[in-house]
Amino acid sequence: MEYAVLIILLALAQFTYFSLRVGAGRAKYKIDAPKTSGDENWERLYRVQQNTMEQLVLFVPAMLAFSFYLSARWALIPGILFVVGRQLYSWEYISKPPSRAPGMAITLLANAVLLAGAVIGIVVRIF
């Protein structure tokens, strides 16, 4: 279970970094709160942060459930893929939004594996 928690903390640290970029970008691009639109470069930073938060809602419980009900060691693979996918998504979305698909695909694959593995693990334990 320690592996899962470590990967989750890494993903949360990455999200914190994305959030700090949004905050710093508000000053740089002169986007006063509570605005969520303005400079296109800032909007890209903001979308990366928001999309990552949306993905974390599935990732965190699925990672914990997969680790507990199926395998803590095997949870490392989709967990690391999630963090790598989010970083790739961030780089690509900020530089050229249409090129974000590979990072998003890796993220979705990681979440799908974690969710399916958790469900399989729970069903096997029940029956």
| Which one is least open to solvent (accessible area, probe 1.4 Å) among residues in the stretch 77-97 that are closer than 18 Å to I8 by Cα and among the β-branched types (V, I, T)? | V83
| request: Would you please name the residue that is farthest from G117 (Cα to Cα), looking only at residues in the stretch 6-22 that are aliphatic (A, V, I, L, M) and in contact with a helix residue (DSSP H, G or I) (Cβ under 8 Å, 6 or more places away or on another chain)? | output: V22
| said: What pairs come out if I take residues in the stretch 24-43 that are of a type outside the set (G, A, S) and pair them with residues that are surrounded by fewer than 12 Cβ atoms within 10 Å (Cβ to Cβ) and part of a loop (DSSP other than H, G, I, E, B) whose C-beta lies under 7 Å away, six or more apart or interchain? | reply: R26/A33; E43/S37
| remark: Residue hits (the stretch 87-100; more than 14 Å from the chain's Cα centre (by Cα), part of a helix (DSSP H, G or I) and without any contact (Cβ under 8 Å) to a residue 12 or more places away in the chain) are E92, S95, P98, S99
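Could you list, in sequence order, all residues of the stretch 1-35 that are of a type in the set (A, V, I, L, M, F, W, C), open to solvent by 50 Å² or more (accessible area, probe 1.4 Å) and within 30 Å of F68 (Cβ to Cβ)?
M1, V5, L6, L9, L10, L12, A13
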| field | Residue check for G38: modelled with pLDDT of 90 or more, surrounded by fewer than 17 Cβ atoms within 10 Å (Cβ to Cβ) and among the small types (G, A, S) | value | no
| said: With the structure loaded, tell me whether A116 is open to solvent by 20 Å² or more (accessible area, probe 1.4 Å) and not in a helix (DSSP H, G or I) or whether it fails that test. | reply: no
| note | R73 fails exactly one of (1) touching a Lys or Arg at 6+ places or on another chain (Cβ under 9 Å); (2) touching a residue at least 24 places away in the same chain (Cβ under 8 Å); (3) not in a helix (DSSP H, G or I), namely (1)
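The values are calculated or read from the model by the stated rules, or taken from the named source; none is laboratory data. All values derive from a computational prediction rather than experimental measurement. All Cβ positions, glycine included, derive from the backbone under ideal geometry; neighbour counts span all protein chains shown. Please note that ligands, DNA and RNA were not included when accessible areas were found on the heavy atoms of the full protein model with its side chains. Shrake-Rupley method; radii C 1.70, N 1.55, O 1.52, S 1.80 Å.
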